[in-house]
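Here's the structure we're looking at; comments come further down.
The numbers here are math on the coordinates, done by the rules we state, and not lab data. Bear in mind that the values here come from a model prediction, so they are computed numbers and not experimental data. Quick reminder, even Gly has a Cβ in these numbers, built from the backbone with ideal geometry, and neighbours come from all protein chains shown.
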Amino acid sequence: MERLSGPSYLALDAAAWKRKREFFAASFSPCRLCPRGCRAERSAGKQGTCHAGAEARIASHNLHFGEEPPFSGERGSGTVFFSGCTLKCLFCQNYPISQFAHGEPHSVEQLAGVFLALQKRGAHNINLVSPTPYLRHVVDALEIAAGRGLRIPFVYNTSGYERAEVVAQLQGIIDVYLPDLKYGPSAEARRLARELSGAGDYFDSAVPAIAEMFRQTGPLQLDGEGIAVRGTVIRHLIIPGHTGNSVEVLHAIAASPFRGAWLSLMSQYFPAHLAPDRPPCDRRLLPEEWRRVRDEALRLGLDEGWFQELD
Ligand code: SF4
């Protein structure tokens, strides 16, 4: 992969911007932006399964210092939390934002202003958290902000529940992808994906989408300050009582075309939202569960990235 001197969106010409704008406008209403394809008439004010409607809704935007080091750096990641989510994870730690859609509507102009304000505060990047339902607004706002001096890369921070055809249209816009890979391919893992996240087709959607992300960006590239400028990092949160699912995910990565992506193995699970009523999801991870998954990652040679230690 070639190294870039700046974010790839700076290289888009007027015709390319127009094609992107048209694709996302057409995919937005009736909406087919995510694998649910619920076809909500969002331009008429209807809400989709993810709670997204006509306007972009944002729950918060701020400098965030808790991401992996290449994202937060010393000055922070310019994190924009979008309201709603295409998944229905019953253990979601951000459930007021993802499941109850807390947030405020923002016009495209205001969204462009948010990006520019984060850059002015020193953010290393614009970190879009759960942006899929709002890609139309993001692309329109980015074009405005780029014309007004935005010069930092975009990080696409997603549950992984994506359509590969939509991700393909993000080429030239997104430089760094940060997808989850939550569930494996077995019948048991598909049952978990359906019961815990409301998406039995999760694996079949996420794997081609992540393959497309990796095809566009390759492995992680860092600048002289150690900040991510291009690449794909896969996050996996270990769910208590379901280490077999985590091992499946690791095997799927090791056998995939994106095995060169960096891995962020996360142990921070705590029982949020509906999880306190759903054993074994009603507790934290046990040390032996953590060791089993970590050891399997190491055995498979997936050692590029971060293994979050148990508290
Ligand atoms: S992004 Fe939301 S509105 Fe669009 S298809 Fe998915 S669930 Fe429906």
Counting DSSP beta bridges in the chain, what percent are antiparallel, to the nearest 5?
-> 35
Report Rg/Rh for the chain, rounded to two decimals, where Rg is the Cα radius of gyration and Rh the Kirkwood radius.
-> 0.94
Cleavage-rule hits (trypsin sites (Lys or Arg not before Pro)) in the stretch 134-198: DSSP loop, at most 15 neighbouring Cβ within 10 angstrom | R148, R151
What is the distance in Å between the Cα centres of the stretch 243-311 and the stretch 56-94?
-> 20
Residues with amide H under 5 Å of V155's amide H, sequence separation 5 or more or different chain, H placed in the peptide plane at 1.01 Å from N; which?
-> I126, N127, L128
Pull up all non-local amide H partners of S264: gap of 5 or more, or a different chain, and H-to-H distance under 5 Å with H placed in the peptide plane.
-> I234, R235, H236, W306
Compute the distribution of all C-alpha to C-alpha distances in the stretch 75-189, in bins of 5 Å from 0, and list the percent of pairs in each, rounded to whole numbers.
-> 2, 11, 20, 23, 19, 14, 6, 2, 2, 0
What's the longest bit of the chain with no exposed chymotrypsin sites (Phe, Trp or Tyr not before Pro), using DSSP loop states and at most 16 other Cβ atoms within 10 Å as the test?
-> 101-311
So, how do all the Cα-to-Cα distances of the stretch 140-283 break down into 5 Å bins, in percent, from 0 on up?
-> 2, 10, 18, 20, 18, 13, 10, 6, 3, 1, 0
Within the stretch 262-292, what residues put their amide N at less than 19 Å from the label point 7 Å along the Cα-to-Cβ vector of W306?
-> 262-270, 285, 290-291
Of K20/K88; K20/K46; K18/K88, those spanning more than 31 Å from alpha-carbon to alpha-carbon = K18/K88
For the stretch 8-307, what is the relative contact order in percent, using Cα pairs closer than 8 Å and at least 6 residues apart in sequence?
-> 16
Using label points projected 7 Å from each Cα along Cα→Cβ, tell me how many nm separate E195 and R21, to one decimal.
-> 4.8
Scan the chain and hand back the longest stretch that contains none of the GluC sites (Glu not before Pro) lying in DSSP loops with at most 15 other Cβ atoms within 10 Å.
-> 75-224
Would you mind giving the three semi-axes, in whole Å and largest first, of the ellipsoid equivalent to the stretch 186-258 according to its Cα gyration tensor?
-> 27, 14, 11
Per-residue ellipticity at 222 nm attributable to helices in the chain (runs of n ≥ 4 DSSP H, -39500 (n - 2.57) apiece, nearest 500 deg cm²/dmol) works out to -10000 deg cm²/dmol
